[in-house]
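Have a look at the structure below, then the notes.
The values are calculated or read from the model by the stated rules, or taken from the named source; none is laboratory data. Predicted model, so just to flag it, every value in this text is computed and none were measured. Backbone-built Cβ (ideal geometry, glycine too); neighbour counts: all protein chains shown. What goes into the accessible areas is simple: the full protein's heavy atoms, side chains included, and nothing from ligands, DNA or RNA. Shrake-Rupley method; radii C 1.70, N 1.55, O 1.52, S 1.80 Å.
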Amino acid sequence: MSGRRVVVFPSASELGPTLAQLVSSRAEKALSAGRSSFSLGLSGGSLVSMLSKDLPAVENLDCSRWLIGFCDERLVPFSDPESTYGLYKNQLFGKINIPEDRILAIDPSLPVQECADDYADKLSKAFSPEQIPVFDMLLLGMGPDGHTCSLFPDHPLLQESQRTVAPISDSPKPPPQRVTMTLPTVNAARCVVFVSTGGSKAPVLKHVLEGGEGPALPSALVAPRQGELFWLVDEPAAALLTSQVERPGPGAKI
Ligand SMILES: O=C(O)[C@H](O)[C@@H](O)[C@H](O)[C@H](O)COP(=O)(O)O
């Protein structure tokens, strides 16, 4: 890992535009480096509304060569309000003109094991000949229990070392059936960005970033092997941190 950056913003509304700029600058970097696509993994939670508001506002955004995947997904029909794909489809994709065939989503009609295998196969084909999908950027959230993707504390999936994608049928957070990237896939990414806001995240953020009692929480196990790791947080979430953080001025790029 080339170093972790913890960047603190006064509020979530000030964080959003910087996140959007970061995504767009990494896309330009990937495409100008000669790669055929910019691959971006999305997560649910508050990222959906943040990206849907701030990404379309980026000037001259060209998403025609983006490849979108999902860090995890809930096994529900796309029409279900719990579907992460469904939320992005309704709130974002139409606004930024992502071609439909450049979105890698689960097939929610399949049983969970087959659904995970099918999604792993889609990623494998899209990232061939790489052995493991290497996303240019993954955007992650963190639950108050320290989970990220659908990787929950003390769950056996935290030990997964072979599969790139796995099913989970006993998610402690509903809905119970989900499909998730595993830690090897998350940690293969070129850039991982956590977004965490609100005072309810302060204790878990401190535990994840500065350590605490008990085994490492799932979010603390995210450490891209050769990539960058950003934590973009707001002041209420950062309230208990004592380690060094960055506080960019208004409008500054990171
Ligand atoms: O699949 C889920 O149940 C949620 O998407 C969940 O994992 C969420 O991403 C985190 O709890 C962070 O949520 P916030 O972005 O709201 O902090």
task: Kindly indicate which of A220, A202, A216, A189 is in contact with a strand residue (DSSP E or B) (Cβ under 8 Å, 6 or more places away or on another chain) and either on the phi < 0 side of the Ramachandran plot or of a type in the set (D, E) (or both).
output: A189
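A quick yes/no check of all residues on (1) more than 16 Å from the ligand (Cβ to nearest atom); (2) farther than 30 Å from V8 by Cα; (3) out of contact with any Phe, Trp or Tyr (no Cβ under 6 Å at 6 or more places or on another chain); (4) open to solvent by 20 Å² or more (accessible area, probe 1.4 Å):
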residue: P156; (1), (2), (3), (4): yes, yes, yes, yes
residue: R163; (1), (2), (3), (4): yes, yes, yes, yes
residue: I168; (1), (2), (3), (4): no, yes, yes, no
residue: K173; (1), (2), (3), (4): no, no, yes, yes
residue: T180; (1), (2), (3), (4): no, no, yes, no
residue: V193; (1), (2), (3), (4): no, no, no, no
residue: G199; (1), (2), (3), (4): no, no, yes, yes
message: For the stretch 98-119, which positions are open to solvent by 40 Å² or more (accessible area, probe 1.4 Å) and either in a helix (DSSP H, G or I) or of a type in the set (A, V, I, L, M, F, W, C) (or both)?
response: E100, D101, R102, L110, Q113, E114, D117, D118
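Per-residue answers, yes or no, for (1) under 13 Å from the mean Cα position of the chain (by Cα); (2) farther than 13 Å from L67 by Cα:
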{"residue": "V7", "(1), (2)": "no, yes"}
{"residue": "P10", "(1), (2)": "no, yes"}
{"residue": "K29", "(1), (2)": "no, yes"}
{"residue": "A33", "(1), (2)": "no, yes"}
{"residue": "S37", "(1), (2)": "no, no"}
{"residue": "S46", "(1), (2)": "yes, yes"}
- line: So, first residue more than 16 Å from the ligand (Cβ to nearest atom) in the stretch 28-47, second residue charged (D, E, K, R) and modelled with pLDDT under 95, Cβ within less than 8 Å, six or more apart or across chains; the pairs are none
field: Number of positions in the stretch 52-97 that are open to solvent by 80 Å² or more (accessible area, probe 1.4 Å) and in a loop (DSSP other than H, G, I, E, B)
entry: 7
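Would you confirm whether any residue within the stretch 58-75 is farther than 22 Å from A120 by Cα and among the aromatic types (F, W, Y)?
Quick first cut of the stretch 58-75, residues farther than 22 Å from A120 by Cα only: 58-64.
Okay, now just the ones that are also among the aromatic types (F, W, Y), so none.
No, the conditions are met nowhere in the stretch 58-75.
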- request: Considering only the stretch 124-146, state which residues are within 16 Å of the ligand (Cβ to nearest atom) and open to solvent by 20 Å² or more (accessible area, probe 1.4 Å).
  value: G141, P144, D145
- prompt: Looking at the stretch 80-94, which of the residues that are over 19 Å from P176 (Cβ atoms) and not aliphatic (A, V, I, L, M) is farthest from the ligand (Cβ to nearest atom)?
  reply: G94
message: What's the number of the only condition in (1) touching a strand residue (DSSP E or B) at 6+ places or on another chain (Cβ under 9 Å); (2) at positive phi; (3) away from the ligand (no atom under 16 Å from the Cβ) that N97 fails to meet?
response: (1)
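One line per residue, one yes/no per condition, for (1) among the aromatic types (F, W, Y); (2) more than 15 Å from R4 (Cα to Cα); (3) touching a Gly at 6+ places or on another chain (Cβ under 7 Å):
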| position | (1), (2), (3) |
| --- | --- |
| G211 | no, no, no |
| G227 | no, no, no |
| F230 | yes, no, no |
| L241 | no, no, no |
| R247 | no, no, no |
| K253 | no, yes, no |
- prompt: Has the stretch 21-41 got any residue that is surrounded by fewer than 20 Cβ atoms within 10 Å (Cβ to Cβ), in a strand (DSSP E or B) and basic (K, R)?
  reply: no
